[in-house]
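**Student:** Please find one structure pasted underneath; my questions will follow.
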Amino acid sequence: DMGGHDTFMHKEISEQPDAVDRVLRGRIDDRFSTVHLGGLNLDPREARTIRRIKILGCGTSYHAGLIGAGLIESMARIPADAEPASEFRYRNPVVDPDTLYIAVSQSGETYDVLAAVQELKRKGARVLGVVNVVGSAIAREADGGMYVHAGPEVCVVSTKCFTNTVTAFALLALHLGRVRDLSVTDGKRIIEGLRKLPAQIEEILKTEEQIKEIAAEYAGAQSMMFIGRVRGYPVALEASLKLKEISYIHAEAYPASELKHGPLALIEPALPTVAIVPDDDLLEKNRAALEEIKARSGRILAVAHQEQAKADHTIVVPKNEDELDPILMGIPLQLLAYHTALAMGRDIDKPRNLAKSVTVE
Ligand code: M6R
């Protein structure tokens, strides 16, 4: 049942304020400025001995893991990174007893992720799951973890589950941070930010008409470039994947800082750039990248917290805490992919060549 929407994708994008509310519900502890994660199965003493965190997933779940790694590093100061699960499996990884492994999956059935979990467990590692589907294979195989409570996701491309997974990582990062060295003040600040998310997502969804008009301009593009820096880079990766999957427009994502090391050669009026430009300590750096693109007559769409002079269009999103901004900045770009694909007459819920869950190798 699409509940009045034309596609499941549109329904699922629209459900995000409620979905994010669900992932937060019952978990926030104001007394100690932390969160409770019942199923984690990781006592504070163990949480304090973790030396590294390695996050594994595929596709959109891998991108959510990249943002998750950033959240963990900034709030808990534990070195963390994310890697595609299949790459990890096939490189005979060094499995380290002081590393906590986290498997990320919407379906909980993705074969490459499941096989990575089984290999890790065979070698004695501790593996947590960040999973949407309750009771799924990865959830059962993991030593503990958290459900992201996005609710059923029907569309082949993931939207609300991405947003909820990233929010779940923010909760995990806050929890680990508060067990370690994150201050009460910072804990409070993050909690306040988390509580603002549902209403801010609601606000972003109201910009749909503006995004639809911008999408009409991009519908004919051969190729598009997505750029971001640090926290913004995984947002760019995910936005570029979304566009490819449903519009079949070729898209690339690059860290903004890498532009001058090669991809700048591609910039010309026919290759539009989408830039993630949050109002944080990297604002001036990001603006410099916009200038470089403009100097080569590239068209620019900025997703930012204020109008960007160098951009042809800016989608202005509400500001949250710097750490939590990536959760919001991806949402207008789900709508951009959606309306671009719609303008091109694509079958949005069932893109060619793709399946909702990839349960084979
Ligand atoms: O169910 P999972 O999260 O494990 O699925 C992983 C990927 O196959 C999935 O995210 C895929 O990239 C989607 N089509 C993204 O929209």
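**Student:** Comparing 134, 157, 104, which has the greatest mean-square fluctuation in the GNM of the chain with Cα pairs linked when under 10 Å apart?
**Tutor:** 134
**Student:** Taking the DSSP beta bridges in the chain as the whole, what percent of them are antiparallel, to the nearest 5?
**Tutor:** 5
**Student:** What is the packing order of peptides 233-239, 339-345, taking the mean over residues of other C-beta atoms within 10 Å and listing the highest first?
**Tutor:** Highest to lowest by the protection proxy: 233-239, 339-345.
**Student:** Determine ³J(HN,Hα), in whole Hz, for all residues of region 230-241 in sequence, where each value follows from phi through the Karplus function 6.51 cos²θ - 1.76 cosθ + 1.60 and θ = phi - 60°; x replaces Gly and Pro.
**Tutor:** 6, 4, x, 5, x, 5, 5, 4, 5, 5, 5, 4
**Student:** Evaluate the relative contact order of region 49-184 (contact order divided by residue number), counting alpha-carbon pairs under 8 angstrom at least 6 apart; express in whole percent.
**Tutor:** Details: 277 pairs, mean separation 36.6, N = 136.
Dividing the mean separation by the residue count of region 49-184 yields 27 percent.
**Student:** Taking the Cα-to-Cβ direction at residue 217 and at residue 192 and moving 7 Å from each Cα, how far apart do the two end points lie in nm?
**Tutor:** Each label point lies 7 Å from its Cα, and together they span 3.6 nm.
**Student:** Oh, and also: Taking 31 Å as the cut-off for C-alpha to C-alpha distance, list the pairs among 196/260; 294/319; 196/350; 242/294; 11/319 that go past it.
**Tutor:** Among 196/260; 294/319; 196/350; 242/294; 11/319, the Cα-Cα distance tops 31 Å for 196/260; 196/350.
**Student:** Next question, about the same structure. What distance in nm separates the simple spin-label points at residue 90 and residue 258, each placed 7 Å from Cα in the Cβ direction?
**Tutor:** So the two model labels end up 1.9 nm from each other.
**Student:** From the phi of every residue in region 160-173, what ³J(HN,Hα) in whole Hz does the Karplus formula 6.51 cos²θ - 1.76 cosθ + 1.60 yield, where θ is phi - 60° and glycine or proline is x?
**Tutor:** Once rounded to whole Hz, the list reads 5, 5, 4, 4, 5, 5, 5, 5, 4, 5, 5, 5, 4, 5.
**Student:** While we're looking at this one, here's another question. Once amide H atoms are built 1.01 Å from N in the peptide plane, which residues 5 or more positions from residue 55, or in another chain, come under 5 Å H to H?
**Tutor:** Long-range HN contacts for residue 55: 81, 82, 83, 102.
**Student:** Roughly speaking, what is the stretch gain from residue 270 to residue 205, that is 0.36 nm per residue apart minus the C-alpha to C-alpha distance, in nm to one decimal?
**Tutor:** Extending this stretch completely gives an extra 20.6 nm.
**Student:** From the residues 82, 49, 69, which one has its Cα farthest along the dipole of region 21-118 in the positive direction, the dipole being from +1 and -1 charges on Cβ of Lys/Arg and Asp/Glu about the Cα centre?
**Tutor:** Working it through, the farthest residue towards the positive pole turns out to be 49.
**Student:** Once you list every other residue whose beta carbon is under 13 Å from the beta carbon of residue 18, what net charge do they have if Lys and Arg are +1 and Asp and Glu are -1?
**Tutor:** 0
**Student:** Mind checking the dipole of the chain: about its Cα centre, +1 per Lys or Arg Cβ, -1 per Asp or Glu Cβ, Debye to the nearest 20?
**Tutor:** With Lys and Arg at +1 and Asp and Glu at -1, about 780 debye.
**Student:** Comparing 287, 195, 31, which has the greatest mean-square fluctuation in the GNM of the chain with Cα pairs linked when under 10 Å apart?
**Tutor:** Maximum fluctuation in the GNM of the chain, among the listed residues, is at 31.
**Student:** Which of 105, 247, 223 moves most in a GNM of the chain, Cα contacts under 10 Å?
**Tutor:** 223
Read the figures in this text as sums done on the coordinates, not as results from a lab. In this text the structure is predicted, and so the values were computed from the model without any measurement. Here Cβ is always computed from backbone atoms with ideal geometry, including for glycine, and neighbour counts include all displayed protein chains.
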